[in-house]
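Take a look at the structure set out below.
Every number here is computed from the coordinates shown, using simple stated rules; none is lab data. Treat the numbers as computed from the prediction; the structure is a model and nothing was measured. Backbone-built Cβ (ideal geometry, glycine too); neighbour counts: all protein chains shown.
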Amino acid sequence: MIDTDVDLQPLNTLAIAAKANYFARVNSLEQLLEALEFSRRRQLPVLPLGGGSNIVLTGDFPGLVIHLQLQGVSMVDTGEDTLVTAAAGENWHQLVMRTVEQGIGGLENLALIPGCIGAAPIQNIGAYGVELRDIFWDLTAVHIASGEQQKFSASDCQFEYRNSVFKGSTLDQYVITQVRMRLPRRWVPRVDYPALQHYFSEHRLDAAEQGPDEIARAVIAIRSSKLPDPAEIPNAGSFFKNPLVSESCYFALKQRYPELVAFPAGERWKLAAGWLIERAGWRGRRINNVGVHHRQALVLVNPGRGPGAEVTRLAAEIATDIYQKFGVELEPEPRYYP
Ligand SMILES: Cc1cc2nc3c(=O)[nH]c(=O)nc-3n(C[C@H](O)[C@H](O)[C@H](O)COP(=O)(O)OP(=O)(O)OC[C@H]3O[C@@H](n4cnc5c(N)ncnc54)[C@H](O)[C@@H]3O)c2cc1C
């Protein structure tokens, strides 16, 4: 059941060639517990893997990669909402489409995000004005060190913008096996995001009148026009988080660059990292095997299927340049391994 020296290139969307010293594909809770037992006996680090769309492999992984293939979805109408339960290995986008096809709203803005259910809480996935935390109910996870199962409520997960407890105090301690979401019967469309407003007005449609299905279709159309498909051009989506800055920093930058793109975020401002990178002249640039996408400056691409070090070097060069030009620190969104 445990393989050795397994090629991870087909299992990460940046198509980086790297190997897992040990590799287990798990289809059931029993198999997961056995794999974790193996990692404990050999004291191996564990990398739970879903769709590989938010990782950068900088070398071979010197431990056990557990490819989660747990399957199963259930939808229960509670009267007030639909309780959706999905196993970690289910594909995120397919689940979104399953709900909208049944006329159930709540997930439509998150259509076409690659990856699996189990990874969605890790960075509190978000797009087009909605984040997982808006509809999240709870999750079940296995504690890697003890093999015990544990439930996490929304508040346990400590969701923030592209962040959760699983990237903080419990980093590398749990494998998520199941996620539950509550999709309210009294659904309200979330169409205030500028790209969605623009899409519906271009198509002469009243945004507020659209159902979950139409909104999902709009999101898919917008995303497909902007973002490269990893199957054609290897990439990991947005490479940097949008930096949160103080009000004074925002106003100082806005004075220097009136066309700066930013959104209020509580007492702070969220700057569009893509705008900063484009303004610094990086869009479309290529260095050896890697580069910055020609349509979307926030997306680093790996058309030459180069090693992870080329991707991280390019990311570091961009971050240094942005700091020098704007005084703003960029933080990568995908996780680097090992
Ligand atoms: C083209 C493109 C567009 C994207 N657009 C968006 C977007 O709009 N919004 C957004 O938020 N993200 C976006 N992403 C990033 C990515 O799709 C999400 O972060 C997604 O949730 C990652 O899922 P995955 O299964 O591929 O995770 P992986 O890359 O396999 O894993 C990511 C991290 O989660 C951990 N992990 C995975 N599964 C589990 C588990 N079951 N238990 C514990 N830890 C686990 C891994 O160890 C790793 O640290 C995009 C990526 C691409 C390539």
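Given charges of +1 on the Cβ of Lys and Arg and -1 on the Cβ of Asp and Glu, with all other atoms neutral, how large is the dipole of segment 248-291 about its Cα centre, in debye to the nearest 20?
160 debye
What is the magnitude of the charge dipole of segment 1-146 about its Cα centre, with +1 placed on the Cβ of each Lys and Arg, -1 on the Cβ of each Asp and Glu, and no other charges, expressed in debye to the nearest 20?
In debye, rounded to 20, segment 1-146 gives about 520.
Which of the peptides 239-248, 225-234 is most tightly packed, and how do the rest follow, going by the mean number of other Cβ atoms within 10 Å of each residue?
Final packing ranking: 239-248, 225-234.
With a 10 Å radius around each residue's Cβ, average the other Cβ atoms per peptide and rank 319-327, 266-274, highest first.
So the order, starting with the most tightly packed, is 266-274, 319-327.
Using DSSP H assignments, which helices in the chain have an axial alpha-carbon span of 15 Å or above and a mean Kyte-Doolittle hydropathy of -0.5 or higher?
212-226, 308-326
Placing +1 at every Lys and Arg Cβ and -1 at every Asp and Glu Cβ, with all other atoms neutral, what dipole size does the chain have around its Cα centre, in debye to the nearest 20?
780 debye
How much net charge surrounds residue 213 when only other residues with a Cβ under 14 Å from its Cβ are counted (Lys, Arg +1; Asp, Glu -1)?
Net of charged neighbours comes to -2.
Order these peptides, 27-34, 14-21, 110-117, by their mean beta-carbon neighbour count within 10 angstrom, highest first.
Top of the packing list down: 110-117, 14-21, 27-34.
For the chain, divide the Cα radius of gyration by the Kirkwood radius and give the resulting Rg/Rh value with two decimals.
We get a ratio of 0.97 for the chain.
If I take the Cα coordinates of segment 235-337 and project them onto the principal axes, what are the three extents in Å, biggest first?
41, 26, 22
Amide H neighbours of residue 82 under 5 Å, counting only residues 5+ apart in sequence or on other chains, H built in-plane at 1.01 Å?
183, 185
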